[in-house]
Amino acid sequence: MLEIKNLHVKLEEEDKQILKGVDLTVEAGKVHAIMGPNGSGKSTLSYVLSGKDGYEVTEGTATLDGEDILEMEPEERAAAGLFLAFQYPVEIPGVGNMTFLRTAVNAQRKARGEDEISASDFLKLVRERAASLEIDADMLKRPVNVGFSGGEKKRNEILQMAMLEPKMCILDETDSGLDVDAMKLVAHGVNALRDQGRGFLVITHYQRLLDHIKPDVVHIMSNGRIIKTGGPELALEVEKNGYADMKAEVA
Amino acid sequence: MALPQVKQTATEARLAAMTRPDGAKWITEIREAALARVSDMGLPGARDEYWKYTRPETLVQPEAPQAATFDDDDEQLFHEFDRLKVVFVDGVFSAEDSDDLTLEGIEISRLADVATQDIHWAKDLYGTLETNGQTPVQRPLAALNTAYAADGIVIRVTGAPSKPVNLIYEHRATGSDVLLHHVIKVEEGAEFTLLENGPAAARLNKVLEVDIADTGKFHHIRAQGRDHERRAATHIFARLGRESAFKSFTMTANGALTRNECVIELTGDDAIAHVAGACVGDGDFVHDDTVFITHDAENCESRQVFKKVLRNGAVGVFQGKILVKAGAQKTDGYQISQSLLLDGDSQFLAKPELEIYADDVACSHGSTSGAIDETALFYLRSRGLPHGIATDLLTLAFLAEAVQEIEDQDLQAEINTRIERWLERRRG
């Protein structure tokens, strides 16, 4: 599904190489986790894949179901089925959460040549999916993420994911700032979407999220490269010994 | 003091081109006094401090610049609302297009009729608030209006009429040079909503005087546009009694030059004055909001919220002042003016002013200029919203604070829809 080959990325504004040859393939229906120390390039990878400005791809490719996503606008990537759950969801005063969700769902449908969803069907769907994430009517009415707690923001990300039904989901440190209960809710939301051949790339510092979202494959990223790939046991190893040993291994 | 020669010449040229309407003795006296004020002050010139950001020449010159009439493909604003329509065509009241002017709780007359009557309550109000509003800052175009306006609407509100009065302006002649003068008296405890919309003329000079007695309430929602070539100078003069409320909102779309002045005097304790504006300009567009609020009583609240969206070289101006007189304790004054510049060609010029002579007051003011928030834009796009739709959504969000000043939710939605369509048209 998501295929990244030899991806090299530098900052547009300065001559600083962040990703130095990332190779990664997420198959349909699989959950891949990326772990790694601060500054290893994990978030950059998520931003480059979703199309944020300020990065320049100097080498390599990234495709989603064979389509080159690096050439696409952010909204085209979204319509193609890519979704990024932000590490820091953005507050947008003046834009109602519900309006935002409906506009997003319909924009993607339109881009894919599908009919817009009717207002009543949409409302039913939102209520149902919001309820399972314990998002109440008030949160849906408020402006996007404004005045939301850290946990509410992350749950709101998962609600967007549930409404947009992407093929490939990237979760950028979705566990940061979450207490245990909120993490379980988020994990529950992700697990509910795990079927139907969706791919997941879960970026995290800590193993604890992976207790709730069981990965198929774990990658360790350091200094702009994936230095080690293995099964879920790799995450436990990191938790016990930190990253230093692995970095020493490849050095 | 003699006027500078340039000003003297310009003023004389304009006055020579005008004809004073006939009327009863009382209004003739008022008009003569107003004419004397104009001659004393002279009409605005490019060197006047109060006209530093907006060039007044086209508003002053003897002939109105030609302006193409605007063929609106949209439904008339407020058409779904139950309202009493009062229509002016190129500044002349049209009985044929208007509704019957009878409505319970309100007396509505035409200025042209009132002016011929020997005695009328309007004699104590017509030109009075305009005259008061000449100090400390001169507003010669308003005095010119009092001297020469032949038509307008004269309203006395005694109760709570079941529906708003909607003044609808139609522009049919490309060279129409229009003066309109409205007078509204809201009696004690009465409540009234005034709606205004439609392109009025090639050049419009309009004055609205509103006198609100104790505990009276006045709501005003005005839409200017979408005609592109109009020039307009409008003045609102409001005087507020004890525990009264004045709430005015203006939406402006397009227009070569629009200067909206709002002069409010809070004269009774515990009164509230809110004035807000949302404007959208694209290209050949100059929009100026000039507001002057005087607190002359205790425990009053005033609020100014002005938002401007500018693109393709459009220019926005804001001059807003809060004057708190000695003795106006417990004043709560708030003022915000902001612009969203959608490109590097547009500009916003703001002059916020506070002048406070009381020691127990809370006054705040702020002014900002900014571009679209790139982080928010990326967030929206990453959810599949195309660049244009995402930008429009953020633009509407920017204007929301001003539009939300409209109390009535339905009217708020009506205005929002119009702004949305304006943005949509530009998205193509």
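The values are calculated or read from the model by the stated rules, or taken from the named source; none is laboratory data. Keep in mind that what you see is a predicted model, and the values were worked out from it rather than measured. Using ideal geometry, Cβ is built from the backbone for each residue, glycine included, and neighbour counts are taken over all protein chains shown.
Name, by its number, the condition in (1) in contact with an Asp or Glu (Cβ under 7 Å, 6 or more places away or on another chain); (2) in a helix (DSSP H, G or I) that does not hold for residue A:146.
Going through the list (1) in contact with an Asp or Glu (Cβ under 7 Å, 6 or more places away or on another chain); (2) in a helix (DSSP H, G or I), residue A:146 breaks only (2).
Starting from residues that are surrounded by fewer than 24 Cβ atoms within 10 Å (Cβ to Cβ) and touching a helix residue (DSSP H, G or I) at 6+ places or on another chain (Cβ under 9 Å), keep the ones in region B:220-230 and report whichever is nearest to residue B:406 (Cα to Cα).
B:223
Only one of B:277, B:320, B:281, B:268 is modelled with pLDDT of 95 or more and in contact with a Pro (Cβ under 8 Å, 6 or more places away or on another chain). Can you tell me which? Lay out the reasoning, then the answer.
Working: B:277 fails: in contact with a Pro (Cβ under 8 Å, 6 or more places away or on another chain); B:281 fails: in contact with a Pro (Cβ under 8 Å, 6 or more places away or on another chain); B:268 fails: in contact with a Pro (Cβ under 8 Å, 6 or more places away or on another chain).
When all the criteria are applied, what remains is B:320.
When only residues in region A:158-179 that are in contact with a Ser or Thr (Cβ under 7 Å, 6 or more places away or on another chain) and within 14 Å of another protein chain (Cβ to nearest Cβ) count, which is surrounded by the fewest Cβ atoms within 10 Å (Cβ to Cβ)?
Restricting to residues being in contact with a Ser or Thr (Cβ under 7 Å, 6 or more places away or on another chain) and within 14 Å of another protein chain (Cβ to nearest Cβ), the top hit is A:172.
Being of a type in the set (D, E, K, R), over 19 Å from the mean Cα position of the chain (by Cα) and assigned to a loop (DSSP other than H, G, I, E, B) is the filter; apply it to region B:133-185 and report the residue that is surrounded by the fewest Cβ atoms within 10 Å (Cβ to Cβ).
Going through region B:133-185, the residues of a type in the set (D, E, K, R) turn out to be B:139, B:151, B:156, B:163, B:170, B:172, B:177, B:185.
Checking which are over 19 Å from the mean Cα position of the chain (by Cα) leaves us with B:156, B:163, B:172.
Next, only the ones that are assigned to a loop (DSSP other than H, G, I, E, B) stay: B:163, B:172.
Values: B:163: 14, B:172: 10.
This residue is B:172.
Given the conditions (1) of a type outside the set (Lys, Arg); (2) assigned to a helix (DSSP H, G or I); (3) within 14 Å of chain B (Cβ to nearest Cβ); (4) under 24 Å from residue A:227 (Cβ atoms), which single one is not true for residue A:45?
Result: residue A:45 fails condition (3) only.
Please list, ordered by residue number, the strands (runs of 3 or more DSSP E) wholly in region B:325-428 having 3 or more residues that are touching a residue at least 40 places away in the same chain (Cβ under 8 Å) and within 14 Å of chain A (Cβ to nearest Cβ). I'd like the intermediate steps shown before the answer.
Values: elements: B:332-341, B:347-356, B:362-370.
By residue number, B:332-341.
Looking for something within 19 Å of the chain's Cα centre (by Cα) and aliphatic (A, V, I, L, M) - is there at least one such residue anywhere in region A:110-124?
Initially, region A:110-124 is screened for residues within 19 Å of the chain's Cα centre (by Cα), giving none.
No - not one qualifying residue is present in region A:110-124.
Just for helices (runs of 4 or more DSSP H) wholly inside region A:60-137: which have at least 3 residues that are farther than 17 Å from residue A:168 by Cα and in contact (Cβ under 8 Å) with a residue 24 or more places away in the chain?
Numbers: elements: A:74-80, A:97-111, A:119-132.
Filter on region A:60-137 gives A:97-111, A:119-132.
Would you mind finding the one in B:264, B:322, B:293 that is touching a residue at least 12 places away in the same chain (Cβ under 8 Å), buried (at least 19 other Cβ atoms within 10 Å of the Cβ), closer than 15 Å to residue B:366 by Cα and β-branched (Val, Ile, Thr)?
Values: B:264 fails: closer than 15 Å to residue B:366 by Cα; B:293 fails: closer than 15 Å to residue B:366 by Cα.
Going through B:264, B:322, B:293 in turn, just one is touching a residue at least 12 places away in the same chain (Cβ under 8 Å), buried (at least 19 other Cβ atoms within 10 Å of the Cβ), closer than 15 Å to residue B:366 by Cα and β-branched (Val, Ile, Thr): B:322.
For region B:210-219: of the residues being surrounded by 24 or more Cβ atoms within 10 Å (Cβ to Cβ) and touching a Ser or Thr at 6+ places or on another chain (Cβ under 7 Å), which is nearest to residue B:129 (Cα to Cα)?
B:212
For region A:5-27, state whether one or more residues are surrounded by 22 or more Cβ atoms within 10 Å (Cβ to Cβ), in contact (Cβ under 8 Å) with a residue 40 or more places away in the chain and among the small types (Gly, Ala, Ser).
The answer is no; no qualifying residue exists.
Exactly one of (1) touching a helix residue (DSSP H, G or I) at 6+ places or on another chain (Cβ under 7 Å); (2) closer than 30 Å to residue A:123 by Cβ is unmet by residue A:235. Its number?
So the condition that residue A:235 fails would be (2).
Check off (1) more than 12 Å from chain B (Cβ to nearest Cβ); (2) at pLDDT below 95 for residue A:53 and give me the number that stays unchecked.
The number of the failed condition is (1).
Can you tell me which of (1) touching a helix residue (DSSP H, G or I) at 6+ places or on another chain (Cβ under 9 Å); (2) more than 23 Å from residue A:88 (Cα to Cα); (3) of a type in the set (S, T, N, Q) is the one residue A:174 doesn't meet?
(2)
Look at residue A:81 and say whether it is more than 7 Å from chain B (Cβ to nearest Cβ), of a type in the set (Gly, Ala, Ser), closer than 25 Å to residue A:203 by Cα and surrounded by fewer than 15 Cβ atoms within 10 Å (Cβ to Cβ). Write out each step before concluding.
On the way: more than 7 Å from chain B (Cβ to nearest Cβ): yes; of a type in the set (Gly, Ala, Ser): yes; closer than 25 Å to residue A:203 by Cα: yes; surrounded by fewer than 15 Cβ atoms within 10 Å (Cβ to Cβ): no.
No.
All but one of (1) part of a helix (DSSP H, G or I); (2) in contact with a strand residue (DSSP E or B) (Cβ under 6 Å, 6 or more places away or on another chain); (3) small (Gly, Ala, Ser) hold for residue B:64; state the number of the condition that does not hold.
(1)
Over 21 Å from the mean Cα position of the chain (by Cα) and β-branched (Val, Ile, Thr): does that describe residue B:102? Explain how you work it out, then say what you get.
Working: over 21 Å from the mean Cα position of the chain (by Cα): yes; β-branched (Val, Ile, Thr): yes.
Yes: the conditions hold for residue B:102.
Of all residues in region A:103-134, how many are within 14 Å of chain B (Cβ to nearest Cβ) and surrounded by fewer than 19 Cβ atoms within 10 Å (Cβ to Cβ)?
Number of matching residues: 9.
List the pairs whose first member sits in region A:231-243 and is assigned to a helix (DSSP H, G or I), whose second member is among the polar types (S, T, N, Q) and surrounded by 11 or more Cβ atoms within 10 Å (Cβ to Cβ), and whose Cβ atoms are under 6 Å apart, counting only residues at least 6 apart or on separate chains?
So the pair list comes out as A:235/A:207; A:239/A:207.
Only one of (1) over 17 Å from residue B:406 (Cβ atoms); (2) surrounded by fewer than 24 Cβ atoms within 10 Å (Cβ to Cβ) is not met by residue B:245, so which one is it?
Checking residue B:245 against (1) over 17 Å from residue B:406 (Cβ atoms); (2) surrounded by fewer than 24 Cβ atoms within 10 Å (Cβ to Cβ), the one that fails is (1).
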